[in-house]
Amino acid sequence: MIQRLIGVSLGALVTILILWFSDFTNQVDLMPWYVAAAVVGAIASFFWPVVAGIWLGRRAKARRDEQIQKEVDRQMAAQNKG
């Protein structure tokens, strides 16, 4: 449920940004702009979990590597004391 809500919100935000940044004040046919904004918004709402998953995976790997490095440092310090 939250994933759908975030996806729809992100898609709507992308759609609004595309329509806002495109200067369509002097154009007669606005339908291509609306269609393009809706398609890009739909793509953004569909792929955001992939991007979030990659980001979270890298973050977890960095934390795991940091813990491993701390353990190695601790063992090296204990070995040098003895």
| Scan of the range 45-57 for residues that are modelled with pLDDT of 80 or more and surrounded by 12 or more Cβ atoms within 10 Å (Cβ to Cβ), ordered by number | Phe46, Phe47, Trp48, Pro49, Ala52
| request: Please find, among Ala52, Ala78, Ala60, the residue that is within 28 Å of Leu17 (Cα to Cα) and not charged (D, E, K, R). | output: Ala52
| Residues of the range 27-82 classified as in a loop (DSSP other than H, G, I, E, B) and either in contact (Cβ under 8 Å) with a residue 60 or more places away in the chain or more than 30 Å from Leu5 (Cβ to Cβ) (or both), total | 4
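The values are calculated or read from the model by the stated rules, or taken from the named source; none is laboratory data. Keep in mind the model is a prediction, meaning the values are calculated, not measured. We place every Cβ from the backbone using ideal geometry, glycine too, and count neighbours over all the protein chains shown.
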